[in-house]
Structure formats: C-alpha cells, structure tokens
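Comments concern the structure below.
A short reminder: the numbers here are calculations on the coordinates, not readings from a lab. Please read all numbers here as calculations on a predicted model, not as lab measurements. Heads up, the Cβs are rebuilt from the backbone with ideal geometry, glycines too, and the neighbour counts pull from every protein chain shown.
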Amino acid sequence: MIFLKKRRIVLDFEQHPRLKEFKFSFSKILRNPLSFIGLSLIFLFLMIALFTPLIAVPEKPEEPFRIPHEGYSVVPKPPSPGHPFGTTTKQYDIFYGVIWGTRTAFRIGFMVVGSILVIGLVVGSISGYFGGIIDEIIMRITDIFMALPLLILAMAIVTALGRSLDNIMKSLIIVGWPIYARTIRGSILTIREEDFVRAAQAQGAGTLRVIFKHVLPNAIYPVLILASLDIGAMVLTAAALSFLGLGAQEGYADWGQMVSLARNYIVGPQGQPFLYWYVVTIPGLFILFFVLGWNLLGDALRDIFDPRLRRK
Amino acid sequence: MRELQSAESVLEIDKLKVNFYTYEGVVKAIDEISFALEDGDTLGIVGETGCGKSVTVLSILRLILPPGRIESGCILYGTKDSCIDLTQKNDEFMRSIRGNDISMIFQEAGNALNPVLSVGYQVSESFLLHRQQELCESVLNRIAEKRDRLSAYQRFRTWRYRRKLRKAEGNLLKDRHYGRLLKVEALRWSVDLLRSLGIPNPDEVVKRYPHELSGGMQQRVVISMALGCNPAVLIADEPTSNLDVTIQAQILQLLEDLKERYHSSILFITHDLGVVSEVSDKVIVLYAGTIVEFAEVRELFKNPLHPYTSALLHSVPHLGSRERLESIGGNVPNLVSPPSGCRFHPRCPHVMDICREQKPELYRGMEGADNRHLAACFLYQQEGVA
Amino acid sequence: MNFLNYIIRRLLLLIVVLIGVTLIIFALLSLFTPEQRASAFIRDIKQLEHIDSIIKTYGLDRPIFVQYFNWLREIFKGNFGWSTTVSRPAIEAFKNFLPNTVELALFSAPFIILGGIWLGSVSAVHHDKPIDHFTRFLSIVGWSLPTFWFGLVLLMVFYGYFRGLFPPEILGYKAQVFVESGEFVRYTRINTIDALLNGRFWIFVDAIRHLVLPVITLTTIQIALVMRIMRSSMLESLGKGYVLTARAKGAAPRTVIRRHARRNALIPVITVSGWLFAQLMGGVVITETIFNRKGLGWWWAKAATQLDIPAVLMAVLFNGALFVVINLIVDLLYAYIDPRVRLR
Ligand SMILES: Nc1ncnc2c1ncn2[C@@H]1O[C@H](COP(=O)(O)OP(=O)(O)OP(=O)(O)O)[C@@H](O)[C@H]1O
Ligand code: SF4
Ligand SMILES: [Mg+2]
C-alpha cells in the first residue's frame, strides 16, 4: 500500500506543470454544479447541431435552412403531431426552425468570436509585445471604441452593408475586436515581465519564438474565458439584431427572427391571453439555454482561473 | 471541567490538532501539540516558514477558517481556580475574549491595517467593542466636570444623555447620537494610548490613513490596537519580520516595556533566533506541526538537545566566527502526507529504526532536570516522559 | 484649486474623445461608396434617378476629411443635422427623447447597482454554500436572457394576462393628453418628477406603472454584472489581513463584513456601475423598442436601421461625452472611497 502511494506521488511530479494545472482546472469544472450544468447544456446543443438533419429532416436538402411552411395563414397553430412545437405566423414550423437554428447559433457564435479572437490576438500581440508608438496608437483606438454606442453602431453597419445574417456577423466583428486586443495586450504585458520570458530572451530566443512559445500560451486564459462568455453574448446580440429585422430573409432558421415573427401574437385574443404562448416562448427558451450554457461555463472558468481566488 | 495543570499558567494548550481540508488532501498542519504560557512570561515559538506557528496561535483565538478545523484538544484559559476551555465556547463568547483577554499582533502591519479606514477608528474600535461601560462612565465624568458652565437648555440635554448613558441600555453604538459621543470618547482614549506608545503627535496620526504612515509607525499602531483593552495574553505573530533592524529593536524594546507596564503574558512568534533570544524567557521549537523542543532560552542556545534545533542553531551565522554555515539537508516535509513516526526522520543525522515507526513524545532532556528542558526525540527516551 | 484644475483637465479630454469617436464614424462612412451613403437620404423609390444630385448636395463625393470639416463647421454653428427618422432637427429630437431615457436610467440604476452589491456580498459571505450557487445561478440566468424575448414574455403576462396592469409606452392616453395640456407645467420633462412637482399623483402612478416592466427587464438582465464583480472583490477582501485583524479584535461578523470588508470591495464595483450607468443613459435600445418607450435608444435604433446619419452621429457624440463625464465621476468616487487614491 505504502509503496503504491509513493509511486503515485512520484508520477504527479513528473507531469508537465501546465498539464497538471489543466487537470486540476478540469476536475474543478466538473465538481462545480453550475459549470457542470453549463457544460451539459453546451453538449446537448452540440449534439443537436451534429444530428440536425436526422432530428428535423429537411424537405429541400439543397436549402436546409429554409423553414418549411404549409400555406400562408398568419394565425399560429398550436402543437400537433405533425408540428411538435406548433407553427408560427405564416405556418412556419417552429420545431424545424429551432432545431436548424441551433446550427445558425453555433455558426454565429464560433465565427464571430473566432474572428475576433484572431484579430485580437494579432493586434494585441503586436501592441503588447512591441510597445512604443504602435502600442500607443492601437490603445487609443481601442479607448475610443469603448466610448462608442456599439449596438447602435452595429445596427448602422448592418444596414449599410445590407440586411443579412452574414452582415450581422461582420458588424459584430467590427465592433467587438478592440476589447480582445486590449485584454490580450494586458495579459501579454504582465507576462512579458515575468522571469521565464526574460530568461528565454536572455538565451537568445527569437521574438516570434518567445511570443508563440512563452507568452501566448500563458496570456491566453483570460481571453478564453472572455471568449466563452462572449459566444453567449454575441449570439444574444445577433439574435437581437435579427429580431429588429436586420437578419436573414423571412423563413430562415434563426432564433432571433423566430421571436420576431411571433411579435404580433404575444397577447392572445380577449379571454385567452396565453393562446399563442408557444410562438414566442419556445424560440426564446432555445436562445436562453444556449446562452446560459456558455455563460455558466465562462463564469465558472473565470472563478477557476482567477488567481486571487484560486485554490481557496 | 478541565483544570489548568499549573498554578502559574494563564494559557494551556493540550494535544491540539488542526487540519486543513484542501483539494490536495488533508493538510495536517498541527499535530497534537501541548504547551503552557505562564503568567508574566514571554514564550517564544520558533520554526521555519510553514511549520504551523500562525495556525497554532490563530486556533487559540479560534480564528481558523474553513477549510481548516480544530480536530481535537483543549485550549484552557484562566487561572487555576476558574478556567475555561476555549474550544468548547461559541463564537459570541469568543468575540468577548478576542481583543479583550487575548489579543494579537499580526505578521505584516501593512496588511493588518484597513487601507480605507482612519487609524483613529481602527485603534478605537477595540474600545468600542469591549469597553462600552467604561466609555460611558468617562463620558459622564466629562459632562459632570463642565456642568456648571452650561446653560439651562444644555443642562437639560446633558440630563438626557446622562440618563441614557447611565443605563447604557442596549447597544449604544447603534444610536446615532450616543454612538457619536462614545466614538469621540474612544478616539480620545486612542490618542492617549498612541501617545503612551511613544508615537509623536498622536492627534495628527489618528486622522491619517495607514498608507500615510511608515512601516515602523504602522507596526506601532497595530500593537496599540492589540493593547487597547489591556489583554492578559498578547500574541505577537512575527511583529518585526518586515522591519529594518533599528526599527525592529525599537519595537522589541516597546514590547518589553509594555509587558512590564500591563503585566501581560506574551506569546512571541518568530523565525529569527536572534530575536527570540532577546525577548523570550522560554522557547518552543516547532517543526512540521509538532513541538520538537522546549527550554528556557539560554538553556536552549547553550545546550540544544534535538537534532533539528542544533542544526537550526548551526545554520545561524555567529558574529566574528569563521565557522562555515551548515544547511539542513533535505526538504521541509509535505504536511499532506507527513513522514511517519518522527516527522524529522528523513533529515535527521541520528535516525534510528524506532524513529520511522513511532512518534516520539516530549522526553526530559537531562537527568536531574525537571520539566524545564524537553525534547521530542528518541535519543532522550531513557530520561523518561515529561 | 488643484481639484478644479483636475476637473478642467479631465473635461479637456472630452474634446479629444469626441473628435476621436466622430473620426472613427467618418472612417467607417468612407468604407461605403457615395451611392451607399446617399441611400441614407433617399426616402422614395423615385429619388433613385436623382442619386447624383443627392451626392452633390450633401457633398458625398468629396474626400472624407472635407466632409468631416464641413460637418464640424455645422456642429459649431449648432446645426446637428436633420433626423429623417423623426422628421425634425436632430438636436430637437435629442432634447425631446432625453428625459424619457433619463427617467428609465434613474429608476433602474438603483435596483441594479444596490441590488447587485447586496447579492454579491451575500454570495461572497456564503462562499460555495447553496445560497451562493443559487444567487449566482439566478443572476447568470438573468444575464443570459434575451432582452427582447424577456420583455415580450413580461408583456404577455402583465399586459395580456393581468389586463393591462403594467402597460408598455410611457404614459396612458388620458395622462398623456393631460401632460401635454397647459395645466401641467413640465419642469424637467421627466414625467414622474413633474407629476410630483405639479401635485398630480395620478399621473405619477400612471408613469410608474409604465416604468415597472422596463425596470424589471433591465434589472433582471444587468444585475449579474454588478453582482459578480462585487462577489469576487468581496471574496478577495474577506481574505485580507485587515479582516482577520478585525475578527481578532472581537468584531461581530456583521461589523467585519459591513465596515471592514465591504468598503474595500466596493472599489472595483464603482467602475462597472459607472459603465452600467453610461449604458443606461446612452439609450437602452432593445428595452425601449420592446416597450415602445420613445427615448434615445428607441430613436437611435430606428435611425440606425434607416441610416439616419445625423442621428447616429448624435448618438456617438452623446455616448462619447457620457463616457468621459462618467469616468470622471467614477474617479472622484474612487478618491472618496479609497484614501490611497490621489487625484492627479
Ligand atoms: N488556509 C489554509 N489552507 C490550507 N493549508 C493551510 C492554510 N493555512 C495554513 N495552511 C498550512 O498550514 C501550515 C502552517 O502554516 P502557518 O501559516 O501556520 O505557517 P507559519 O509557521 O506561520 O509560517 P510563516 O513563517 O511563513 O508565517 C502550512 O504548511 C500551510 O500549508
Ligand atoms: S526521534 Fe529519531 S529521527 Fe527524530 S530527531 Fe530524534 S533521532 Fe532524529
Ligand atoms: Mg505565519
């Protein structure tokens, strides 16, 4: 017994510190009920997105994102065997819409946050690593972005580029990158001063090597947390823009637009106020749970990686 | 009811055990340590960093926070006739002890002072917490003194004050008006206290914020916070470790004077052997959460018994000596899975088989000696358990 | 004097920021062709034939900096342009919509900030206990709610089910007519305050009823922000040496939390609160749109989707000014709470 115990400890010490840290963090994520719920939600949506064509079989495989509709009657119809979540105005099938909307949501989240991350990493590294006048200019630009009404700006950009989902994504990228550039620069500045980076530089490691091998891996955590929170936030903003009528053409599988379609059917006729509850509630709950999943995960990550609170 | 072992003690710790339940495992920070603090004495506790000095004294005040827990043992406080076991008391009772009967000076003055509260408030807080009755009386006296010089209306108002203050009902601090009277009075007391600690122009200092004071001054303020209510036991957790040498000497001198003046007993923690030889009467040497040696201070330096103590003494440079410094081989043990038996055995030059299996008790160091010099080492087993 | 100096210097920064933000907008405008920019001025399909003349009259084919200086010159003359969305001068529309936005901000900010501080400290004090998980979960759910959807659901319940208990818009019909009549003096143009000043309690009640749902929406969604900052800074503060000192003095947990830990923990909260207040004042686009409250957000949302450039520039200018002023206030509050901070 004693022998076994000792062996385990020895193995522990042999692990790469970063790997050990990662294992520690991961076990904390799984042990925290909130982040566990978050991970499960994300996993569920990932499954939906993976198996979309099996869950909701498209009628026209060449245009799967078009929600099928039967007729043009504006009055929504309640759930029935053919339409498990009912139909919204103009008889678009809600079930089909929310299931395919999952893919749209992932696309928006990953594309927007991914692009912002790349831009932010490049700009932030340049700014943080080289400092001086370049840094000054980039930081003043990001300062000024902080003072802008970003949502209104994004709306104006979408309008100018033409109303579509792709343009919503573009506009979110345009207004979103400065925060990332700032965060990455901030963490690079702290890490650049640390001893191991100094040591690497003293050993004559090239600039790029230092950035990629020593600085970025250590600067990335705060950014990943921000990114996880922002996938939720970006999907939410995109849905809001969609809701305001800036998104794809009518009938595209997109949660924001589906809520928007329900707008005239919030309040039922006299005496039956909740008659059309399903048209607004169901797509909204999909947005809520999707965003909630990412936010729970991001929030837990933030706690776990917060050096001030770590290992309490 | 437990009794104190000796008539001279004010504080006795008996088989105290403290664990921390962390992610890495159970940290066995303190493992069944026992010692006594005698009235009017200064007891030094020395040991390397992480050996459990702070945890020991924090558990006396029951200030160990989760994930830490006092597992077992007694902390007896009082006199031979009437003593209490602090581990059995509830938090409300402990609050009346903390800062009043037993108070503490913390490791780093800079951290121990709240940056957003004025020095005056922080010093007067312990008066407000523990000396309300006396503050009321003092306010009453002050009112009585100038009574003749007041107008009829003012006299009416002071009459109302006096009635309420005399009854001192409820928590007067909560009352906006009387609370302020008490606070002003407590501030006066603080000024007096700071002056008595030799702080130049205390009226100014009480209005300042901690960051405006020098390190030595901050430490004096921290000391005055602890001394305000004239505690029977003063715990000083490395009060001088971050100060430069001259200030350090001043602070030590101050503590010495205060001990005389207030008749307190002091539990003095340090990792500096030089300091401990100056201030304490007796010394405990801690190693990895266990007591390894206990002796009078001169005796300890003259004749260290435990292998750890002698190694420790050899690692201190002596002025003028050309002797090479020896370092203690090996590492400080991990307290999650401490070495079996004697916790020092992996580093001990005299290690025997028994050391790996059995935990040594505190043995009498020399024949003939009473319980004045004890060491937890099997080398002294033949002399018998203390 | 020093203090005044400081404020003046900070306000000079305002000019820099305003020039910066407008430059960025003009830089963005230059990404479009003059035709695209001209589309902002087209109200009618027939005008498409006259697109060139529109470009000429608005100087849209000239270099962007010429356009910028033209625009600056007009601003200094007090001409902020014509907002096509509301068919009146932008500055007049601004004055008209501002009070409604201010009213909403004034009513929701206390709930968000004080509520967030309270929840955050409760959560921190009970760190990792069920109540901590519970409040955090609720606040994250709030933070994840799509504003537009939550607003609609609230309307469904409180307007539909409870028969108009908490209606959308700003005032009921009767109240609106009365407010616009000569009998009602509009001191501040903020309905709740004016109603009290006029002693018309029924109008006050009516205005409050219209405020309830937007305030609930904003509070539910934004409270998480303040809460989580408060929670983490409170946790940090509770672990500090001075908290241990206070406990060692014999202070009760309440005193320790309120007097020793909370004040230090408030320092970072001030920053988010300032940011949040700037957001609230700068027009809460979606909430105002959903509840049809005609405030700045409502106007600017409409303007942005119709490329009403003067209105968008107005939004940018106002937000920039707000940003600077609120940052100034935040710094002053810092200095008030934290004696270590010196105003330089
Ligand atoms: N909150 C805690 N959580 C986990 N372990 C702790 C905690 N506090 C103390 N310990 C453990 O208890 C042991 C003793 O710590 P303690 O603070 O008493 O050391 P110390 O002797 O005061 O050292 P120093 O000279 O550095 O002040 C340490 O090994 C530490 O790992
Ligand atoms: S008990 Fe054994 S191992 Fe421990 S100090 Fe004594 S001789 Fe060394
Ligand atoms: Mg210590």
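Hey, in the GNM for chain B with a 10 angstrom Cα cutoff, which one of B:His271, B:His211, B:His306 fluctuates hardest?
Result: B:His211 has the largest fluctuation of those listed.
Describe numerically, in nm with one decimal, the distance between label points set 7 Å from Cα along Cα→Cβ at B:Glu71 and at C:Phe3.
In this crude label model, B:Glu71 to C:Phe3 measures out at 5.8 nm.
Determine the relative contact order of region A:115-189: mean sequence separation of Cα pairs under 8 Å and six or more apart, normalised by residue count, in whole percent.
This gives 55 percent for region A:115-189.
Amide H to amide H, which residues 5 or more places from B:Ile235 or on other chains are under 5 Å from it, using H placed in the peptide plane?
Close amide H contacts, sequence-distant or interchain: B:Ser103, B:Met104, B:Ile105, B:Leu267.
Working out 0.36 nm times the residue gap between B:Arg160 and B:Asp39, then minus their Cα-Cα distance, what length gain in nm do you get to one decimal?
Working: separation 121, 0.36 × 121 = 43.56 nm, distance 4.39 nm.
This chain segment gains 39.2 nm when fully extended.
Which residue, A:Leu165, A:Gly232, A:Ala181, has the largest displacement toward the positive end of the dipole of region A:158-260 when charges sit on each Cβ (Lys, Arg +1; Asp, Glu -1)?
A:Ala181
Which residues make up the longest stretch of chain C clear of chymotrypsin sites (Phe, Trp or Tyr not before Pro) that lie in a DSSP loop with no more than 11 other Cβ atoms within 10 Å, not counting the sites? Walk me through the numbers before you get to the answer.
Numbers: sites that count: C:Phe162, C:Tyr187.
Of all site-free stretches, the longest is C:1-161.
So for chain B: antiparallel DSSP bridges make up what percent, rounded to the nearest 5?
Numbers: 32 of 51 bridges.
Rounded to the nearest five, the antiparallel share is 65 percent.
Which loop trypsin sites (Lys or Arg not before Pro) in region A:71-163, with loop taken from DSSP, have no more than 12 other Cβ atoms within 10 angstrom of their Cβ? Walk me through the intermediate numbers first.
Numbers: sites: A:Lys90, A:Arg103, A:Arg107, A:Arg140, A:Arg163; in loops: A:Arg163.
Qualifying residues, ordered by number: none.
How much of the DSSP bridge set in the protein assembly as shown is antiparallel, in percent, rounded to the nearest 5? Provide the component values of the computation, followed by the final result.
Details: 39 of 58 bridges.
If we restrict to bridges inside the protein assembly as shown, about 65 percent are antiparallel.
To the nearest 0.05, how large is the calculated FRET efficiency for C:His126 and C:Val341 if R₀ is 25 Å and r is the Cβ-Cβ distance?
Working: r = 30 Å, r/R0 = 1.21.
For R0 = 25 Å, the calculated efficiency reads 0.25.
What FRET efficiency do you get for B:Glu361 and C:Trp275 if R0 is 45 Å and r is their Cβ-Cβ distance, rounded to the nearest 0.05?
On the way: r = 62 Å, r/R0 = 1.39.
It comes to 0.10.
For chain C, return all DSSP H helices satisfying: extent of Cα atoms along own axis at least 20 Å; mean Kyte-Doolittle hydropathy at least 1.6.
Working: long enough: C:2-29 (41 Å, 2.24); C:90-125 (49 Å, 1.21); C:130-144 (21 Å, 0.41); C:201-238 (47 Å, 1.24); C:262-281 (27 Å, 0.83); C:309-337 (41 Å, 2.12).
Within chain C the helices that satisfy the rule are C:2-29, C:309-337.
State, in angstrom, two size descriptors of the protein assembly as shown derived from its alpha carbons: Rg to one decimal place and Dmax to the nearest whole number.
Gyration radius and largest Cα-Cα distance of the protein assembly as shown: 35.5, 118 Å.
Positive end of the dipole of chain B, charges at C-beta (+1 Lys, Arg; -1 Asp, Glu), about the Cα centre: which of B:Pro210, B:Tyr153, B:His373 has its Cα farthest in that direction?
B:Tyr153
Which one of C:Ser233, C:Ser273, C:Ser87 has the biggest mean-square fluctuation once chain C is modelled by GNM with Cα springs under 10 Å?
Comparing C:Ser233, C:Ser273, C:Ser87 in the GNM, the peak value goes to C:Ser87.
Dipole size in debye (nearest 20) for region B:204-305 around its Cα centre, Lys and Arg Cβ +1, Asp and Glu Cβ -1?
220
With +1 on each Lys and Arg Cβ and -1 on each Asp and Glu Cβ, how big is the dipole of the protein assembly as shown about its Cα centre, in debye rounded to the nearest 20? All intermediate terms of the calculation are to be shown ahead of the outcome.
Numbers: 111 positive and 91 negative charges, 512 e Å.
I would put it at about 2460 debye.
With springs only between Cα atoms under 10 Å apart, run a GNM on chain A and tell me which of A:Leu153, A:Leu39, A:Leu117 wobbles the most.
A:Leu153
Using unit Cβ charges (K, R positive; D, E negative) and no other charged atoms, how large, in debye to the nearest 20, is the dipole of chain C about its Cα centre? Before the final figure, lay out each step's value.
On the way: 35 positive and 20 negative charges, 295 e Å.
Using only the charged Cβ atoms, the result is roughly 1420 debye.
Helix A:132-146 versus the longest principal axis of chain A: what angle, 0 to 90°, nearest 10, using Cα atoms?
30
In the structure displayed, which of B:Lys89/C:Lys249; B:Lys15/B:Lys80; A:Lys23/C:Lys240; A:Lys28/C:Lys249; B:Lys53/B:Lys359; B:Lys282/C:Lys240 lie more than 24 Å apart, Cα to Cα?
Numbers: B:Lys89/C:Lys249 17 Å; B:Lys15/B:Lys80 19 Å; A:Lys23/C:Lys240 28 Å; A:Lys28/C:Lys249 35 Å; B:Lys53/B:Lys359 20 Å; B:Lys282/C:Lys240 32 Å.
In this structure, A:Lys23/C:Lys240; A:Lys28/C:Lys249; B:Lys282/C:Lys240 lie more than 24 Å apart at Cα.
In nm, what is the difference between 0.36 nm times the number of residues separating B:Arg195 and B:His177 and their Cα-Cα distance? Before the final figure, lay out each step's value.
Details: separation 18, 0.36 × 18 = 6.48 nm, distance 2.77 nm.
Fully extending the segment from B:Arg195 to B:His177 adds 3.7 nm.
In nm, what is the difference between 0.36 nm times the number of residues separating B:Thr49 and B:Asp272 and their Cα-Cα distance? Kindly include the intermediate steps, with their values, before the conclusion.
Values: separation 223, 0.36 × 223 = 80.28 nm, distance 1.06 nm.
Between B:Thr49 and B:Asp272, full extension yields an extra 79.2 nm.
If you take the charge dipole of chain B about its Cα centre, with +1 on Lys and Arg Cβ and -1 on Asp and Glu Cβ, which of B:Asn19, B:Leu182, B:Pro307 is farthest toward its positive end?
The listed residue farthest towards the positive side: B:Leu182.
Along Cα→Cβ, 7 Å out, is where each label goes; now give me the distance between the ones at A:Leu54 and C:Ile64 in nm to one decimal.
5.0
Give me the one-decimal nm value for the distance between modelled label points at A:Leu275 and C:Lys174, 7 Å along each residue's Cα-to-Cβ direction.
2.8
Return the FRET efficiency for the residue pair C:Val212, A:Phe212: r is the Cβ-Cβ distance, R0 is 56 Å, and the value is rounded to the nearest 0.05.
Numbers: r = 54 Å, r/R0 = 0.97.
Here the calculated transfer efficiency is 0.55.
Taking only C-alpha pairs under 8 Å that are 6+ residues apart, what is the relative contact order of chain A in percent? Please report the intermediate quantities before stating the final value.
On the way: 413 pairs, mean separation 76.1, N = 312.
Once divided by the residue count of chain A, the mean separation gives 24 percent.
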